[in-house]
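The values are calculated or read from the model by the stated rules, or taken from the named source; none is laboratory data. Being a predicted model, the structure only gives us computed values, none of them experimental. When we count neighbours, we look across all protein chains shown, and the Cβ atoms used for this are built from the backbone with ideal geometry, even at glycine.
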Amino acid sequence: MGPAKTFFMDEISTGLDSSTTFQICKFMSQMVHIMDGTMVISLLQPPPETYELFDDIILLSEGQIVYQGPRQHVLDFFQSMGFQCPPRKAIADFLQEVTSKNDQHQYWSRRDEPYRYVSVSQFAKSFHSFHLGEKVATEFKVPYDKNQTHPAALVKDKYGISSWELLKACFSREWLLMKRDTFVLKYRIGQIILVAIFGCTLFLKTEMPVGNVEDGRKFFGALFFSLMNILFNGFAEQAMTVSRLPVFYKQRDFKFYPAWAFLLPIWVLRIPISFVESVLWILLTYYPIGFAPSASRF
C-alpha cells in the first residue's frame, strides 16, 4: 500500500437522522478532495442528497460486484440492461431493489420485449462488457512501472520502528496497566501481611525449641510455609496474563512487536513488587519465628 490515506467506514449513518448523515458525508467528501485520500463508505438507504456527494459507486449483491465506477454512469449501465429508474425514485433505493428478484420487474423499461429476470451473475458478467468494466480491465492489464514506486512503499524492515522504541512503547503500556491495576497490588500486599501475621503466630518463637534434629523440622516447616505463601501469592497475576494472550498473539502476528518486547517489561516491572512482598514477609516473620537472632545471619 505504501504511504496512502485510506478510510473504511461501515454503516456510519446508523442511529442518525438524514441531516446529520448529510453533514458528516459532506465533510468526508471535502476532506477526500482536499487531502487527496480515499474513502470507502457503506450506507444503509442513504437519502438522495447524501448519495449525490459520492464520486464512485460500488454496488455489491450476493457477494459479487454488480457495478463499480463513477456515480454519473450507474443509471446508464442498468438502462443498457433494460431497467430504468423512475423520475421520483431515489437512485439509492433503485440500486438496492433492481437486483432483487421480487422488486426487479417494476423497473423493466423495454415495453416491446417481455420481462425476464436478470440474475446478479448476469449483471456482474454484463458489467465486464460495459465500457467502464472494459476500462477497469484494461487498466489492470497494464503492468505497474516499479520505477515510479514511492521509496516508502516497500517495507524493508520487519517492524515499523527500532527495537528500542518498541521496548519503550511496551514498557509504557505495561506501566499504564500496572497503574490501572493498583487494587490488585494493594490486595496482594494486604494478603501477604495478613498471612505473615498468621504464620508468625503459628510458628511462634516461644513455641519453637532448638537443640536437636527434631526441633529443626519445625523450622523447615516454617521455611516451607514461607516459600509456598510467597509463591502462591504471585499466582494471582497468572490469570491476568493468560487473559492477555489472545491480544498478544494477534499483535505479534501482525508484527506490532516481537515476543521479547512484550515479556521483558512484564518481567522487569514485577521484580520490585516481588522484592517488596519478600521484604514484608521477612520483616514480619523472621524474628517472631526466631530463625536466627544475629544481624549477620539475618
| query | Do we have any residue at all in the stretch 31-48 that's assigned to a loop (DSSP other than H, G, I, E, B), free of Cβ contacts under 8 Å to residues at least 12 places away in the same chain and farther than 17 Å from Q96 by Cβ? | reply | no
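Yes or no, residue by residue, for (1) exposed (fewer than 14 other Cβ atoms within 10 Å of the Cβ); (2) assigned by TED's automatic domain parsing to the domain that holds K255; (3) over 19 Å from D56 (Cβ atoms):
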residue: F83; (1), (2), (3): no, no, yes
residue: P87; (1), (2), (3): yes, no, yes
residue: T138; (1), (2), (3): yes, no, no
residue: D157; (1), (2), (3): yes, no, yes
| field | When residues of the stretch 277-298 are limited to those that are among the β-branched types (V, I, T) and modelled with pLDDT of 80 or more, the one surrounded by the most Cβ atoms within 10 Å (Cβ to Cβ) | value | T285
| For the stretch 259-290, what are the residues that are more than 13 Å from F171 (Cα to Cα) and either under 15 Å from the mean Cα position of the chain (by Cα) or not aliphatic (A, V, I, L, M) (or both)? | P272, S274, F275, E277, S278, W281, T285, Y286, Y287, P288, G290
| task | At least 3 residues that are closer than 30 Å to G160 by Cβ in each: list the helices (runs of 4 or more DSSP H) lying fully within the stretch 200-286 that qualify. | result | 236-243, 245-253
| Matching residues, the stretch 112-131, being part of a helix (DSSP H, G or I) and of a type in the set (S, T, N, Q) | S121, Q122, S126, S129
